[in-house]
Amino acid sequence: MSNEKINAGHKNVDTSEEKKTAASARIDKRITLLDDIVMEREATFTSMEGLPTKLTEFTTKNDWVAADIDLKSITFTRGTYYQKWNKEKFETRLTKLFERIKNPKRMNDEVKILNDQINDLRLINQNLMEANHKLDRKLSREVALLKNQLKASLAANKRLHEQLQRKADVVTFKPKGN
């Protein structure tokens with residue numbers, strides 16, 4: 001007989017590739033589900049409150065999971081996550097996801113920028129309206145001045161024309177050569 005001991009405590013452990021793949025698929029599905037929720041909330045600037053920010057919360061709490069999701073298909077233990085093949089595969093993705101949850105896009109910053117742009121555009125609009133009003137008043141003054149000059153010119157023209165008519169009545173026309 002050989003001196004090798006059989007580890008009776010671990011003989012029922014299945015380390016087959018199928019089990020590894022199934023466990024990885026459950027982890028991936030849970031991470032994808034959380035990622036979809038985070039993307040949806042980021043798009044609508046909704047609070048990230050209630051979402052897990054640590055691995056323990058992510059694996060044990062299910063209050064952030066939608067009711068229509070089969071919990072059995074996304075349930076796994078931290079031990080499963082910490083298996084070398086899973087940790088290498090999912091650690092970076094999950095860490096980045098937790099960072100996005102802890103530090104969400106700031107709606108207030110974007111709204112403040114947009115409000116500042118709106119205020120700048122309002123100021124530009126107001127300045128343009130004032131300039132338009134000034135130009136309108138200047139144009140009105142110029143039109144009134146030109147109308148007065150035209151009236152004066154027409155009156156002077158009429159007066160000169162009348163003088164010419166009066167003198168024409170007095171002065172007889174004498175053609176040359178007669």
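Coordinate-derived values only; no laboratory data. Note that the structure is predicted; figures quoted are calculated from it, not measured. We place every Cβ from the backbone using ideal geometry, glycine too, and count neighbours over all the protein chains shown.
Is at least one residue of the range 46-56 in a loop (DSSP other than H, G, I, E, B), under 15 Å from Lys102 (Cα atoms) and free of Cβ contacts under 8 Å to residues at least 12 places away in the same chain? Full working, then the answer.
Step one: filter the range 46-56 for residues in a loop (DSSP other than H, G, I, E, B), giving 46-54.
Checking the rest, the ones that are also under 15 Å from Lys102 (Cα atoms) come to 46-54.
Right, trim to free of Cβ contacts under 8 Å to residues at least 12 places away in the same chain and you get 46, 49.
Looking through the range 46-56, at least one residue is in a loop (DSSP other than H, G, I, E, B), under 15 Å from Lys102 (Cα atoms) and free of Cβ contacts under 8 Å to residues at least 12 places away in the same chain.
Using the structure shown, decide if Ala43 is exposed (fewer than 12 other Cβ atoms within 10 Å of the Cβ) and small (Gly, Ala, Ser). Outline the logic, then answer.
Values: exposed (fewer than 12 other Cβ atoms within 10 Å of the Cβ): yes; small (Gly, Ala, Ser): yes.
Yes: the conditions hold for Ala43.
Looking across the range 67-91, just one residue is over 14 Å from Arg26 (Cα atoms) and either touching a residue at least 24 places away in the same chain (Cβ under 8 Å) or surrounded by 13 or more Cβ atoms within 10 Å (Cβ to Cβ) (or both), and that is Glu91. Restricting the first member to the range 95-124 and to residues that are touching a residue at least 24 places away in the same chain (Cβ under 8 Å) and assigned to a loop (DSSP other than H, G, I, E, B), and the second to residues that are surrounded by 10 or more Cβ atoms within 10 Å (Cβ to Cβ) and among the aliphatic types (A, V, I, L, M), the beta-carbon pairs closer than 8 Å and six or more apart or on different chains are Pro104/Met48.
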